[in-house]
Amino acid sequence: MSLTVNGLDELEKLAGSELGTSQWIEITQEQINTFADATGDHQWIHVDPEKAAAGPFGAPIAHGYLTLSLFIPLFTELLDVQGVTTKVNYGLNKVRFPAPVKVGSRIRLVGRLATVERVAGGGVQITVDGTIEIEGGAKPAAVLQSLSRFYA
């Protein structure tokens, strides 16, 4: 369930807060193939189920950047900022992919709003510490620190 805040002042008050956990989503071979087509990354470990089954992970795995790209839709389940005109991704401080995401796995995001800082132009920059978990997995699929900006 999404936490809704209205405006930058309310957002600032959440600095240091746990944002919760998103719903699980399943990673399908169709998603992986579509991502491969969009990026031109057709490595067999992602798109050839037969060959991947005999590979090091026993199944096709999602691209790390596919997993990372799912941060935004998962994050929108955690925090909804109303009363702003513009919301933009600003970048990443760090990203790691500790474990592969096999096709058919389910992932979710656990998020923490680490910082909220005022920036020029009447906005704020937030830093979110995120962990994308794999259901039943010993290690997460991704650990990241994301930066976003919101303008009034």
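The values are calculated or read from the model by the stated rules, or taken from the named source; none is laboratory data. Model, not experiment: these values are computed from the prediction. Note: ideal-geometry Cβ built from the backbone for every residue, glycine included; neighbour counts use all protein chains shown. Accessible surface areas use protein heavy atoms only, side chains included; no ligands, DNA or RNA. Shrake-Rupley method; radii C 1.70, N 1.55, O 1.52, S 1.80 Å.
Run the accessible area of the range 15-76 with a 1.4 Å probe and give the carbon-and-sulfur part as a rounded percent. Please list the in-between numbers first.
Numbers: 1790 of 3280 Å².
C and S fraction of accessible area: 54 percent.
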Over the chain, give the accessible area per residue in Å² for a 1.4 Å probe, as an integer. 52 Å²
What's the FRET efficiency of residue 115 with residue 139 using the Cβ-Cβ distance as r and R₀ = 30 Å, to the nearest 0.05? 0.70
Give me the angle, in degrees from 0 to 90, between the Cα long axis of helix 29-39 and the longest principal axis of the Cα atoms of the chain, rounded to the nearest 10. 70 degrees
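Apply 1/(1 + (r/R0)^6) to the Cβ-Cβ distance of residue 9 and residue 65, taking R0 = 30 Å, and write down the FRET efficiency to the nearest 0.05. Can you show the working numbers first?
Details: r = 35 Å, r/R0 = 1.16.
Given R0 = 30 Å and the Cβ-Cβ separation, E is 0.30.
Just order 104-113, 85-94, 133-142 by mean Cβ neighbour count inside 10 Å, highest at the front, would you? Walk me through the numbers on the way to the answer.
Numbers: 104-113: 19.5, 85-94: 11.4, 133-142: 16.5.
Answer by packing, highest mean first, reads 104-113, 133-142, 85-94.
In terms of the Cα gyration tensor, with a ≥ b ≥ c the square roots of its eigenvalues, is the range 98-143 rounded because a/c is under 1.5, prolate because a/b exceeds b/c, or oblate? Mind dumping the intermediate values first?
Numbers: a/c = 4.15, a/b = 3.40, b/c = 1.22.
In terms of gyration-tensor shape, prolate.
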Mean separation of Cα contacts under 8 Å (6+ apart) over length of the chain, as relative contact order %: 31 percent
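So if each residue of separation counts as 0.36 nm, and I subtract the Cα-Cα distance between residue 26 and residue 87, what length gain in nm does that give? Could the numbers behind the result be given before it?
Details: separation 61, 0.36 × 61 = 21.96 nm, distance 2.65 nm.
Gain on stretching residue 26 to residue 87: 19.3 nm.
How large a share of the accessible area of the range 99-152, in percent, is made up of carbon and sulfur atoms when the probe is 1.4 Å and the other protein chains stay in place? The partial results should precede the final answer.
Numbers: 1050 of 2140 Å².
Result for the range 99-152: 49 percent of the exposed heavy-atom area is carbon or sulfur.
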Candidates per chymotrypsin sites (Phe, Trp or Tyr not before Pro) in the range 26-64, loop by DSSP, up to 14 other Cβ within 10 Å: 57
